[in-house]
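Laboratory data are not the source of any read-out in this text; all were calculated from the coordinates shown. Remember, predicted model here, so these are calculated numbers, not experimental data. All Cβ positions, glycine included, derive from the backbone under ideal geometry; neighbour counts span all protein chains shown.
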């Protein structure tokens, strides 16, 4: 009997390692053929499982990774996988492929010691299966991945924009396909060189080509960033990532990254306005930046295909525009691309209020204008647990603090939000009933923080306005117990660039 079969026979589970049983729904665009998911981390679609034809070798599947970097072997057998969980945990095992030894060890040092109940559960699993912690987990993972032949992993034939242009080793042709919602195969689009160059936001931009297909038009955009500028950013933030950064710190780091620039796109073809339905992006960093990471195989292939300067850093993206009518136009008479900067978050000061009538003065960090925030209502609230899905395997925090306020002078809609400076509590898995009551296992380290509106990076408050810019509302992060006070942080949003329109002269306008 294999270790995995024994594991199943004993009825053990991996909740003590921060993992949950996979529900078998793993039909991601990057799922290999024959992949059998076993456990999920509960965040970003990351899961661990077997691949048919590889025995009990355990693989990690990470859909949010860069193209070409989605699947990695982490253990030669299920027994070794459990040994890794005992030693370093699931997060470290999944991310080790992108770390050096110092980064790996630093991550482990930052982790808290498991609570007694969790440690006892881990020990029980190990004792029941006769396994021990692994002595050199980093070296084990690196050796396995260095000797593994990744070309043996076969992927399903799928349509997803991130796969457009992805080449298998051996020189597959450059093909760009319009994504299909039905999953049916579509023909490669016809590449039409454009070479439209323009400056916007202090950077040089290039639209090297578009791809004409029966379903729509695909546009590639490239933004050049001086290598020195990106190198300075990397040096500044190199040792201040992950858990060492607060929410405000993460926001500041993202705002200062020259490779990050969010914008919306709109395409006008023969007078008809087309809006982007899907797309993706990634970055390329040259060796001059002093970073080992260059952006991955696809990023380098873009640089080579479009003959981009390899001494510059590049932010590259692809946007897909479906045709306005069911059929494509006969000819592309005039094509215009419009770019609009997305609002950029600028962190303001932190403040505390305790009830209705309290005031706080907020200074806009860019304009210097002072705004008086006056609290109208301030109360602790509890959200019924049924709104989180009812009776499942998880218990969710339900307590929060809600505040309504007015701002004088007011700001236009969408230019201010209030965030809870705290992280809030994470969901925790329910244990099996014991002695007529439910007990709770420790919080899974991979579970996302929760808020009324927010995501895995932490809870945020929201801001809405009524007529005449009245009653705006903010809500704190959720917690299992009411919090005695909440510290708030003002976040302002602004655009400083005018929209820009670029004429795309497409070679051979016929479809």
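Here the gap between residue 229 and residue 354, fully extended at 0.36 nm per residue and compared with their Cα-Cα distance, gives a gain of 40.7 nm.
Within the stretch 1-147, the ratio Rg/Rh, alpha carbon atoms throughout and Rh by Kirkwood, equals 0.93. The simple Förster model, with R0 at 35 Å and r as the Cβ-Cβ distance, assigns residue 127 and residue 395 a FRET efficiency of 0.80.
Ordering 222, 307 by the number of other Cβ atoms within 10 Å of each residue's own Cβ, fewest first, gives 307, 222.
Between residue 113 and residue 408, what is the label-point separation in nm under the 7 Å Cα-to-beta-carbon projection? So the label points at residue 408 and residue 113 sit 5.5 nm apart. At residue 471 and residue 493, where each label point lies 7 Å from the Cα along Cα→Cβ, what is the point-to-point distance in nanometres? Label-label distance for residue 471 and residue 493, simple model: 2.1 nm. The modelled label-to-label distance between residue 387 and residue 361, using points 7 Å beyond Cα along the C-beta direction, is 3.6 nm. Per-residue packing, averaged as other Cβ atoms within 10 Å, sorts the ranges 268-278, 43-53 into the order 43-53, 268-278, beginning with the highest. A Förster radius of 30 Å, combined with the Cβ-Cβ distance separating residue 327 from residue 175, puts the computed FRET efficiency at roughly 0.85. In a fully extended conformation the segment linking residue 372 and residue 148 would gain 74.6 nm over its present Cα-Cα distance, using 0.36 nm per residue. The alpha carbon centroids of the stretch 6-67 and the stretch 250-273 are separated by 34 Å. Highest mean packing first, where packing is the average number of other Cβ atoms within 10 Å per residue, the peptides 28-39, 226-237 line up as 28-39, 226-237.
Maximal additional length on extending the residue 264-residue 69 stretch stands at 67.5 nm, based on 0.36 nm per residue less the C-alpha distance.
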